[in-house]
Amino acid sequence: MTGSSGRLLAISDLHVGYAENRALVEGLRPDHDDDWLIVAGDVGEYLHDVEWVLGLLADRFARVVWSPGNHELWTPRDDPVQLRGEARYRHLVDLCRRLGVRTPEDPYPVWDPDGDPVLVVPLFVGYDHSWRPPGTWNRAQALARAYETGVVCTDEFLLHPDPYPSRDAWCRARVIRTERRLDAERGGLPTVLVNHYPLVREPTRILRHPEFAQWCGTDLTADWHLHYEARVAVYGHLHIPRSTRYDGVRFEEVSVGYPREWRRRATPPGRPRAILPTLAGQLR
Ligand SMILES: [Fe+2]
Ligand SMILES: [Fe+2]
């Protein structure tokens, strides 16, 4: 379809290991020729699945912007590509570049359909166990509580931090690198910040299992939405799609999630969320 009013759209947690979710991806199409699509991680676990999804979407949308989820960074024992940690991430970045998909390692694209430019910033910033469950005061206690309650993220077994000593250290290195880049390259533009994980802790307060929050983000990004003048902060991972506001900034969780989750929702599954332009009546 042709059109002059492209939109910046977003979706995440496509989890195409599920046949029902693959069908949703096959139905994902732009409304306008110049629609962009943000894919905020958890496309799937296998590299061939990630390649299929991002290739299909890159053929359909004017631009695709990707942030990695924890599932892309797993090294499943039966994936022919056994790369781990940073090497796996770099392999995914190379794959995206072949497909024309923007990654956190590329120049940040400017969304500017109407003379109001916004920098679209895909991030790769993980977690560091700073979002600890109530009554725990350090990482060891937080992790011990998770094991006691049986709420342990599969990342502990499949997401390797190589060559970093821990996923926490990898996260801290990414935070430093990203702050440096944003400070140098933002040029005073407002942003759309895209990360698989929420940049602030508040969205995790409604998790059914508070022990899981330690795998969901870091305190180190708590002021990024203000400091980098975010018009919108886009995230996924929690599988609790919703729109909220923190400090006056729109946060959009755009997860599809697993079939058992989206079947329970009243809204149709697999529809991308409109991020920009801001609809009339929405506050900036
Ligand atoms: Fe997910
Ligand atoms: Fe995730």
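Does Glu86 satisfy the criteria of being under 21 Å from Leu159 (Cβ atoms), charged (D, E, K, R), within 16 Å of ligand 1 (Cβ to nearest atom) and within 19 Å of the chain's Cα centre (by Cα)? Judged against the criteria, Glu86 is not a match.
Only one entry in Cys171, Cys153 is in contact (Cβ under 8 Å) with a residue 40 or more places away in the chain and more than 24 Å from Thr103 (Cα to Cα), namely Cys153.
On the basis of being away from ligand 2 (no atom under 16 Å from the Cβ), part of a helix (DSSP H, G or I) and among the acidic types (Asp, Glu), does Glu261 make the cut? For Glu261, the condition - away from ligand 2 (no atom under 16 Å from the Cβ), part of a helix (DSSP H, G or I) and among the acidic types (Asp, Glu) - is not met. Assessment of the stretch 44-66 against the conditions (over 14 Å from the mean Cα position of the chain (by Cα), over 29 Å from Val152 (Cβ atoms), in contact (Cβ under 8 Å) with a residue 60 or more places away in the chain and more than 16 Å from ligand 1 (Cβ to nearest atom)) yields no matching residue.
Give the number of residues within the stretch 230-272 that are crowded, with 20+ Cβ neighbours inside 10 Å and closer than 20 Å to Gly69 by Cα. Residues meeting the conditions: 17. Look at (1) closer than 25 Å to Cys153 by Cα; (2) in contact with a Phe, Trp or Tyr (Cβ under 8 Å, 6 or more places away or on another chain) and you find that His225 fails only one, number (1).
For the stretch 161-219, the set of residues classified as in contact with a strand residue (DSSP E or B) (Cβ under 7 Å, 6 or more places away or on another chain), assigned to a helix (DSSP H, G or I) and under 19 Å from Gly257 (Cα atoms) consists of Pro203 only.
Residues checked against (1) more than 16 Å from ligand 1 (Cβ to nearest atom); (2) under 30 Å from Asp35 (Cα atoms); (3) modelled with pLDDT under 95; (4) touching a helix residue (DSSP H, G or I) at 6+ places or on another chain (Cβ under 8 Å):
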{"residue": "Gly115", "(1), (2), (3), (4)": "yes, yes, yes, no"}
{"residue": "Tyr127", "(1), (2), (3), (4)": "no, no, no, yes"}
{"residue": "Asp162", "(1), (2), (3), (4)": "yes, no, no, yes"}
{"residue": "Ser166", "(1), (2), (3), (4)": "yes, no, no, no"}
{"residue": "Val194", "(1), (2), (3), (4)": "no, yes, no, no"}
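Sort out which residues of the stretch 107-123 are free of Cβ contacts under 8 Å to residues at least 12 places away in the same chain and in contact with a strand residue (DSSP E or B) (Cβ under 8 Å, 6 or more places away or on another chain), and write them in order of number. Of everything in the stretch 107-123, just one residue is free of Cβ contacts under 8 Å to residues at least 12 places away in the same chain and in contact with a strand residue (DSSP E or B) (Cβ under 8 Å, 6 or more places away or on another chain), namely Asp112. Residues of the stretch 67-97 that are of a type in the set (Lys, Arg) and either loosely packed, with under 15 Cβ neighbours inside 10 Å or out of contact with any Asp or Glu (no Cβ under 9 Å at 6 or more places or on another chain) (or both): Arg77, Arg90, Arg97. On the given criteria, is Thr75 in contact with a Cys (Cβ under 6 Å, 6 or more places away or on another chain) and under 25 Å from Ser255 (Cα atoms)? No, not satisfied. Among the residues of the stretch 8-23, those that are surrounded by fewer than 21 Cβ atoms within 10 Å (Cβ to Cβ) and away from ligand 2 (no atom under 16 Å from the Cβ) comprise Ala19, Glu20, Arg22, Ala23.
The values are calculated or read from the model by the stated rules, or taken from the named source; none is laboratory data. Just so we're clear, the structure is a prediction, and the values are computed from it rather than from any experiment. Heads up, the Cβs are rebuilt from the backbone with ideal geometry, glycines too, and the neighbour counts pull from every protein chain shown.
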